[in-house]
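Beneath this line is the structure, given in structure tokens, with notes to follow.
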Amino acid sequence: MATSTEKIVVQVVVKGGKQIDNLGKKTKNATKGANGLTKQMGKMAAKALAAATAFRLIGQVVSGAIKTFTAFEFQMAKVRAISGASNKDFKKLSETAQQLGRTTFFTATQVAELQTNYAKLGFTTKEILNAQEATLLLATATGSDLGRAAIVAGAAVRGFGLDASETTRVVDVMTLSFNSSALDIEKWQTSMTKVAPIAAGMNIELEDTAAIMGTLTDAGIEASIAGTSMRNIFLKMKDSSSDLSKFLGFTVNSSVDLSKALEKLGTASDTTLDGLVNIRQVAAFSVMVKGAKRVEKLTAELRNAKGAAEEAASIIGDTLEGAFKRLTSAWQGLMIN
């Protein structure tokens, strides 16, 4: 027979085993519950994170839209202040800036900067509207900053006394001259500001002036020196009392006269040529005379430059980078709206 001690041991083992089993079950249930709670917490955290991310993205879009619109509004305020446009005219300027900003490389704010620069040059609303699309083509074709393209093209229009409707002609000549010589927008601006008013006063056309400028630049003559030399040479050609005019036997008062002058000068010796201008203009004068055939050829090409800017802009725009730029402009246009 089992002793009392043995009975007690059996009872302890049996009851203890049951309690351990119960504890295991409870622990298992608790573990399941904890796992479930963890999963629920994880789902809630994921949803909270997604919501926070979405909220942050929405905040960024709204913030970006506000900044974009603020920049556009501020730039258009400059246009209005400088141009003095009426409500009706200002509405046209604003609408075209947004329309061009949605459909080209450039944003509406950049187009507004173009309008600002033209307004500074004294362009009226009508003149700005006539000039802006051509200027967009120039900036696209040459990879220039839009605001600077407006300043340079506008200065050429004003310098040669042209109507704003001839801005297309100006940008076509600029584009082709950049593609046919060592000229670029910086060199053009540096040289042309010095010589344009003098050339215009002598009825020497834009194309002839650009052809000589390109020839001098190709010869390595620095833009500032080229512009200054051309101005002084032209002034001597116009002055009936100068040695240069006396050698020619006439004064230069048109592009036709200029062509005749270069032809006659081509027959002169180097010594004679050197004595017709100041020592500072000798190098440019020599290149100008000896490169007369190049000048003539380039002038003829520039006279047929119509469509050059549009063609170049089309080629450059038909690229992946061009597509991205248009997409960026369209997105900014959407934010402004």
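A short reminder: the numbers here are calculations on the coordinates, not readings from a lab. These numbers were taken from a predicted model, which means no experiment stands behind them. A quick note on method: Cβ atoms are made from the backbone with ideal geometry, for glycine too, and the neighbour counts reach across all protein chains shown.
Calculate the all-directions average of the projected area of the stretch 61-117's alpha-carbon convex hull, and give it in nm². The number I arrive at for the stretch 61-117 is 3.8 nm². Normalise the Debye intensity by I(0) for the stretch 204-281, one equal point scatterer per Cα, no solvent, then take log10 at q = 0.14 Å⁻¹ and round to two decimals. At q = 0.14 Å⁻¹ the computed log10 ratios are -0.44. Across the cross-link table entries LYS236/LYS264; LYS246/LYS293; LYS92/LYS120; LYS67/LYS187; LYS187/LYS297, which are compared at the Cα atoms, the separations over 26 Å belong to LYS67/LYS187. Rounded to the nearest angstrom and listed largest first, the equivalent-ellipsoid semi-axes of the stretch 239-295 from its Cα gyration tensor are 16, 15, 10. With Cβ to Cβ distances under 11 Å as the rule, what net charge do the other residues near THR116 carry (K, R +1; D, E -1)? Once positives and negatives cancel, what remains is +2.
Computed over the alpha carbons of the stretch 93-251, Rg followed by Dmax gives 17.0, 58 Å.
The order of the peptides 127-135, 104-112 by mean Cβ neighbours within 10 Å, most packed first, is 104-112, 127-135.
The Cα-based radius of gyration and maximum Cα-Cα distance (Dmax) for the stretch 152-193 are 9.8, 28 Å.
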